[in-house]
Every structure is written in C-alpha cells, then in structure tokens.
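The values are calculated or read from the model by the stated rules, or taken from the named source; none is laboratory data. Computed from a predicted structure; not experimentally measured. With ideal geometry, Cβ positions are generated from the backbone for all residues, glycine too; neighbour counts draw on all protein chains shown. Remember, those area values only see protein heavy atoms, side chains included, never the ligands or the DNA or RNA. Shrake-Rupley method; radii C 1.70, N 1.55, O 1.52, S 1.80 Å.
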Amino acid sequence: MSFPAPSEPKFEIGHVLFIDIVGYSKLLINEQSDQLQKLKETVRGSEQVRLAEAEGKLLRLPTGDGGALVFRNNPEAPVLCALEVSRALQSYPDLRVRMGIHSGPVNEVSDLNEQANIAGAGVNFAQRVMDCGDAGHILLSKHVADDLKHYPRWQPFLHELGDCEVKHGVRIGLVSFHGDGVGNPALPGRLRVLKRHRAKQRFAMIMAALLALSAIVTGVALYSRGGRSTIAAPDKSIAVLPFENLSHDPENAYFAEGIQDEIITRLANLRELKVISRTSTAKYKSRPDNLKTIAGELRVASILEGSVQKLANDVHINVQLIRAADDTHLWAQSYDRTLAHAFAVQGEVAQTVADALKVTLVPAQIEQLKALPTQNVQAYDFFLKGEYELHSAWADAEKSEQRAHTAVGYYQEAIRLDPNFAAAYASLARAQLSEFYVSVDRSDEKRRVLGAAAKASIDRALSLLPDLTVAHLALAEWYLWINYDHSSAIKELDRVIELDPHLSDAYLRLAGVWKRENMVDKAIAAIQPALAFDPRNIFIHRNLAGAYMATRQYSLAVQSFSRAISLDPTDTVDVGNLVGVYACLGDMPAAFRTAESLPPIAASYQKWSLLYLQRDFRGLEKLLKEAPAEAWPERWMRALREGQIAGGLGQAEIARARLEEARAGAAGTLEKDSGAGRYAALGYIDARLGRAEEAIAEGKRGVELASQNHDLEAVGGALTALATIYSLLGRTDDAIEVLDQLFATPAGIYISVSDLKLDPDWDPIRNDPRFQKLCQEKRQ
C-alpha cells in the first residue's frame, strides 16, 4: 500500500453547503454587518452544525457575504442544515439568501494564520451550484440529488431543473430543493431561457415529487439522522374553518360563509403567511373536536374558528385563534355590530390574526386588510349571496347551471345598488362564464350571448380596479372558454398567480390550458403549487389523475383518483374514473368491484364497457334489460347497444336492423347536437353497417370539430373513434397510422394497450402482424 507524500494534499469527500446573502453588495455598511451577523447566529443555531462541531467533523469557509460549511460526518447533513437555516430565516424576511449543496473532493489546508481551512473541487462546485439560484433557492447538484432520491423522506423535496451553464461554458445538472414552506419553487432566472428545452428532463422528477408531495400533505414523517421527527408546520400558517351559522334561518348560511371567505381572502394577500384555501376547509365542521388532526392534515400551526348569528339588522360574530399543537387559545374576541358595521369585522380579525402570528405588516397592507369592496351594505349582502351560489354551482353538479344563473342575478342586484362595485362586476363575469361552461347547451349562440355579457363585466371591473385579481381570472376564463385563445389565457393566469399565489382556481385553469396544448408535463408542474395550500381540493387530485391517465401513468392515476375519493366519498365522478383506470390496466376484478359501488345508472355505463371488453354478450343482454330506463334514455342509444349484442351473438339480421334504427335516430338529433361526439357515433354505426365512405367522412368530421377548440381530450376521443372506424372496416394501414398518432400524444384516457388487446372492435385487424407488433411495442 502506498501513501501520499507529506507535500501532497490529502483529499477526502466533503459534503458542502454554500450560503450567501443576495444583494449584499448593494447594502449599506451597517446593513451588511447586521445581516451577516443574523446569518452567522442562524447558522450557529443549527442542530446539524452543533453535532458536526462536537464530533470535530465541520469546517467553515467565510466568504464575506456568506460562507461554506463542509460536513465530513454525514452526506445528509448539508440538506438537514439547509432545512433548519431556511426555517429559522423565516423570522428575518429582509434577510434573503440562496444555498447550494454538493458532495465532492476537498482537502484540509492551513491558511497564513496557521488556522485549519478547506479547499478543493467540492467547495468550488457547491459555489457554482449556488450561483445558479435566486433568493430563497436551495439548489443541489445532480450528484447529491441522485443519492438522496433513494430515500422516501427526501423525494417530495426534489424537483429536477435540468442544466445550468456556469463559468467557461461548463453545464452542471441542478435539482431544486423545496416544499413544505422551505426553498423557492420558482424557476431560477438563469434557467428560464432553457425551460422549453428541458421539459422532458424535469418530467420524471416532477412525477416523483408530486406523488411524494401528496403523502407529505397527509402527514408523512421525515426521519432525521438522529431519530424520527415529523416536519413541523410553518409557524406562520393558518386554516380558517367554516364559521358556524347560529341564525335560526338556515338561509343565512351564505352570510357565515361570506365572513369566513373574506377573512381567508384578506389573510391570503399576506405573502409571509401560509393560508389554506376555503376549498380544503369546507368539508370540516365548524367546531371540531380534533383540531390537532385537522392541523396535521392541512399542515398548519394555527386554526381560526368562529360563529356568526344574524338577526334582522344585528350581527353577533365570535372568533378564536387556536394553536393546534397544544390546543392553546392565542386570542378570542366577540363582536356585536349592526349589519352596516359588521363587514368591517373581517379586516379587524385579519389584522389581529396577522399580529398574533407575528406577520410583519406595512401600512399599505394594513389599509388593504381593512378595505371594503363597497360602502353599500345592501350591495355587499347581495354580493355575498352571489358568492355563495357561485361556489355551490361548482360543488353541486345537478344544479350547477341553475345556481350559476342565480348567482348572476345576485351580482346584478349588487351592481344596481353600487354601479362602481368592481368585485361584483368581476364575479358577475365569472358567474356568466360558469353558466355557459356547465351548461348542457353550449351552442355558438349561447357562447356569443354569455361571452359578450361576461366581457363587458370584465372590462368594467378592470376599468375600476386594474389589478383586481378576480377580474384577471375571469378574463383568463373568457379567453379559454369563449375565445379559445390559449396564449392570452396563459398570460392572464400568470398575472393572476403573480397577484395572488393562493388562488387554486388559477392553477387549475393553467393546468387545463397546458393539457389542451398537449403539454401535460407543464400541466402537472402548473398544478403542483396548489397542493401546498389546497391539499383537500378534489378537483386538483382529479386533474392530476387525468394528466397521469393522458400520459398512461395509470398506477399514479389510481393513487390520485383514490385520494380524491377519500376526500369526498359521496362524489361518484372519481369512482367512475377509477373504474376506467383499472380497465386500462387490464385489472378487471378491481374494475368490477369499483363499479359495484356506483349508483345504478353510473354502474350500468361502467359495467357495459367492462362486459364488452370481456365479450360477455349474454351478460350485456341481461344488463340492458335490468338497467334503469334513464341509463340510455334515447331510443337510438339502446338500439345501438342491442345491435352490438346481436352482432356479438352472431345474429347478423337482428344486428343490422337495430343498427339501422340507431343510425336513423342519431342522424335525427344532429340539429340539436352537431358536435364531435355525435359524428363519432354516426361513423361508428356506419362502419358496423359496412358503409365505408360515410363512416370515414363522419369520423374525420368529428376530428375536425374537436380540433377547432384545441382541446386535447376531445381530439383524443375523436381520433380513437376514427381508428375504431378504420378497424371495423378492416383498413389496417389507416387504423395503425391513427393509433401511432394517439400513442405519440397524451391521449391515454381514451386508448390503452389493454383496450387494444380486449376490445372486440379491434378484431377485424387483430391478426395482422403490424397490429400485434404495435400492441407489443406500446405495452405499459
């Protein structure tokens, strides 16, 4: 064995955390000294620093505006230290730092004062990693992240960014470390120009991060080196539970919800405070017994609960702020007001909560907390009624259009009483757009009428308040649903998120746009931030699951749909979706078990598809007889099912008669519904009847109509129908060409390898070697 000569440096692997203060050189001398002292005290207070120093396994390298910490005891130590420092610095909002972490060769040297110092590539590389970040960023080298990702406790925090170019044209792989209130989720400025080129590289890490993040939200434990410890919720975090309606009249529920919602809105404007969205708190009781459990589910330190009693012109409001960890009452207050003065309570409560949680407020923020959107009490009362109905429209599928229309009336009354009520104009526009979006009748005429009315409302709102968040959200929805202008919608949604990063609807809409633009990786990335402050919003989990399905990530889709179902077991939409995912996986027993839990009509739809995949035509015959009449209310739909059954049983004449009946009925409804789905159905029937020319023309027309709206899901469905038509006609080349197109795009919600292997509609081309090869190549 040979040893290095005494003059040669002795290298070892050091685990380096490099920190510096952003904007240090622009500070005054006394400010520099103050901030550097705060940073030193924070670092000295880190448990990881104390442990490493006690073991003699830590070296410091001061750099003037920060420094490097070289741990020689544990590769996780720099990350744990970064967590501790980041959380401690939340008490110093004016101290903005960035961090870089790398493990690499270092060597201990002596400086001119004969003091131990450190040098080497490991330190230099950590500094280059840090230099790629902005304020708040904790960046890891790809090497460090690859080591950490094998441990479940770290996976939720790891978000791959791709490469960053540093000195001499060298590119280094970076991973952003953020989540649960630490780190900076924004893309570093130096990487923005490379964002489009790095989408594929980020995708795998985003998948893992999202999966693990949902586990964090439900309370996953982080195991530190010294033992087990749960990541504490940020001190400045709060959930406002539904306010109890103590009024004798249940119709006053809108008033209690309105008070709660306005307090949330005011608190959410404070960037320093983590505030849980109303959507995630809505399912909880007003005065629950298990506050600690709720706080754990929502990842918050404090809970605000209250009650409202409205009697004629008098209002009694009771509010209390509770520290969830030990059920300590931090503050409580009762307010007795006339209706004319009741709405000012919202601002008082918000300011008191901010003070109790030690949120730093500047005068402009205090004014914003106290501001009322109108001085007309009656107008505000109608506005709150409109808000209640609009929220209910999205939660009540059966009455959504009716409730949206009712909301429109309330907002119009509020505007009549106060023509300068900007928030009422903005919410009116959203209600008008919602009335169109949830309507069964989405005709061009209805789009024109409601679209024009909504645009006028938006223009008026923005003329009164140019930076009104809800107005910009309404404008984004107008671009998306009425004008099909996706680029403008994206710009508006970016503006909304800039104005209010806590508005989950903005993330949902942005994810929807990217999904329609065939950029599902961006859709997943866009919706991810909303999980932190809206973890119990089933629409977020549903959209994530839909994105996973589109990219044929069926196992992840199962988890997201299951999470949505656990949050609201009464909502059967996701149960039906879950049946479809199991079918895509080819897990028919699980699909049937899940379908059994659905109401009769929905169960009939799902069981039809499953039995058809299994070629159980006698079972289909029995199902059609026993299914509720409402399952297939139009005669032509039932006739089509009867034709499929007869065809499967070899009853050619009966099959043709039923299909002819179905064809005539479907064609007769084109005046009412000339959408892509109806043309797809006609094409399918004509293909089964052997009318090739008509079937292909109808299938292509369906694709053309779906493409007009640039809707990925609609196009995926239309292309699947066209491929099926080609298969039924025995046109293998055309069918495979369309299938290749489908498998090259995120359309897994419509077509999977399991479909190709089981569905009888692919029988005419099943034995073709090219079809078999496609099934083999595309298997999941």
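On a full-extension model of 0.36 nm per residue, what is the gain between A186 and N73, subtracting their alpha-carbon distance, rounded to one decimal in nm?
37.5 nm
Assuming a viscosity of 0.692 mPa s and a temperature of 37 °C, what translational diffusion coefficient in µm² per second does Stokes-Einstein assign to the stretch 260-385, Rh being the Kirkwood radius over Cα pairs?
Reported coefficient: 212 µm²/s.
Between E660 and Q614, take the C-beta separation as r, use R0 = 25 Å, and let me know the FRET efficiency to the nearest 0.05.
For R0 = 25 Å, the calculated efficiency reads 0.40.
Go ahead and run the numbers for FRET between L372 and Q402, Cβ-Cβ distance against an R0 of 30 Å, rounding to 0.05.
Between L372 and Q402 the formula returns 0.50.
Can you work out the base-10 log of I(q)/I(0) for the stretch 590-735 at q = 0.09, 0.16, 0.19 1/Å, using the Debye formula on its C-alpha atoms alone?
Each listed q corresponds, in turn, to -0.29, -0.94, -1.26.
Which part of the stretch 566-597 falls in the paramagnetic zone of E626, meaning amide N under 14 Å from the point 7 Å along Cα-to-beta-carbon?
Answer for this model: 596-597.
Percent of Cα-Cα pairs more than 13 Å apart in the stretch 529-582, please.
51
Measuring from label point to label point, each 7 Å out along Cα→Cβ, what is the D289 to Q741 span in nm?
In this crude label model, D289 to Q741 measures out at 6.1 nm.
What ranking of H391, H102, H329 comes out by heavy-atom accessible area, probe 1.4 Å, highest first?
Greatest to least solvent exposure: H329, H391, H102.
Accessible surface of K757 in the full protein assembly, 1.4 angstrom probe, to the nearest 10 Å²?
Counting only protein heavy atoms, the figure is 110 Å².
Gain in length, V440 to K778, computed as 0.36 nm per residue apart minus the alpha-carbon separation, to one decimal in nm?
Length gained, V440 through K778: 118.1 nm.
How big is the accessible area of E84 in square angstrom, nearest 10, if you roll a 1.4 angstrom probe over the protein chains?
Accessible area of E84: about 50 Å².
At a Förster radius of 60 Å, what calculated FRET efficiency corresponds to the Cβ-Cβ distance of N313 and R60, to the nearest 0.05?
Here the calculated transfer efficiency is 0.35.
Let me spell out the model: positive unit charges on the Cβ of Lys and Arg, negative unit charges on the Cβ of Asp and Glu, origin at the Cα centre of the chain. What dipole size does that give, in debye rounded to 20?
That gives a dipole near 1340 debye.
In the chain, which Cys residues have no partner Cys with a Cβ closer than 4.7 Å?
C81, C584, C775
How much accessible area does D336 have with a 1.4 Å probe, in Å² rounded to the nearest 10?
Ignoring ligands and nucleic acids, D336 comes out at about 110 Å².
As I understand it, the dipole of the stretch 455-574 uses +1 on the Cβ of Lys and Arg and -1 on the Cβ of Asp and Glu, about the Cα centre. Which of L556, A461, W478 lies farthest toward its positive end?
L556
Give me the orientation-averaged projected area of the Cα convex hull of the stretch 604-653, in nm², one decimal.
Computing the convex hull of the Cα atoms and averaging its projections yields 3.2 nm².
For L330 and Q32, calculate 0.36 nm times their separation in residues minus their Cα-Cα distance, and state this gained length in nm to one decimal.
Residue separation times 0.36 nm, minus the Cα-Cα distance, leaves 103.7 nm.
Checking the table K236/K522; K236/K292; K310/K385; K370/K491; K399/K625 against a 19 Å threshold on Cα-Cα, which pairs fail?
K236/K522; K370/K491; K399/K625
Would you please report the Å³ per residue occupied by the convex hull of the alpha carbon atoms in the stretch 438-551?
107
If you rank T732, T63 by how much accessible surface each has, with a 1.4 Å probe, what is the order from largest down?
T63, T732
By the gyration tensor of its Cα atoms, with a ≥ b ≥ c the square roots of the eigenvalues, what is the shape of the chain: rounded for a/c under 1.5, prolate for a/b over b/c, or oblate?
It comes out oblate by the Cα gyration axes.
Quick check for me: using +1 on Lys/Arg Cβ and -1 on Asp/Glu Cβ, what's the dipole size of the stretch 237-281 about its Cα centre, in debye to the nearest 20?
360
Restricting to DSSP H runs of at least four residues, report the calculated mean residue ellipticity at 222 nm for the chain, -39500 (n - 2.57) per run over all residues, nearest 500 deg cm²/dmol.
One gets -17000 deg cm²/dmol as the mean residue ellipticity at 222 nm.
Determine the equivalent ellipsoid of the stretch 339-414 by diagonalising the alpha-carbon gyration tensor, then write out the semi-axes as square roots of 5 times the eigenvalues, largest first, rounded to whole Å.
Taking √(5λ) for each Cα gyration eigenvalue gives 31, 16, 9 Å.
What whole-number value in cubic angstrom gives the convex hull volume per residue for the C-alpha atoms of the stretch 402-474?
70
Would you mind classifying the stretch 678-780 by shape? Square roots of the alpha carbon gyration tensor eigenvalues, ordered a ≥ b ≥ c; an a/c under 1.5 is rounded, otherwise it is prolate if a/b is larger than b/c and oblate if not.
oblate
Let me spell out the model: positive unit charges on the Cβ of Lys and Arg, negative unit charges on the Cβ of Asp and Glu, origin at the Cα centre of the stretch 520-648. What dipole size does that give, in debye rounded to 20?
The calculation lands at about 240 debye.
Per residue, how much accessible area does the stretch 229-317 have with a 1.4 Å probe, in Å²?
Per-residue accessible area for the stretch 229-317 comes out at 39 Å².
Kindly sort Y684, Y484 by accessible area of their heavy atoms, largest first, with the probe set to 1.4 Å.
Y484, Y684
Using just the Cα positions, wrap the stretch 229-276 in a convex hull and report its mean projected area in square nanometres, one decimal place.
Its Cα hull, projected and averaged over all orientations, spans 4.3 nm².
For the stretch 384-533, what does the relative contact order come out to in percent, with C-alpha contacts under 8 Å and a separation of six or more?
15
Ranking request for peptides 173-179, 271-277: highest mean number of other beta-carbon atoms within 10 Å first, then the rest in descending order.
173-179, 271-277
Taking all protein chains as present, what is the carbon and sulfur share of the accessible area of the chain, in % to the nearest whole number, probe 1.4 Å?
Using a 1.4 Å probe with all protein chains present, the chain comes out at 51 percent carbon and sulfur.
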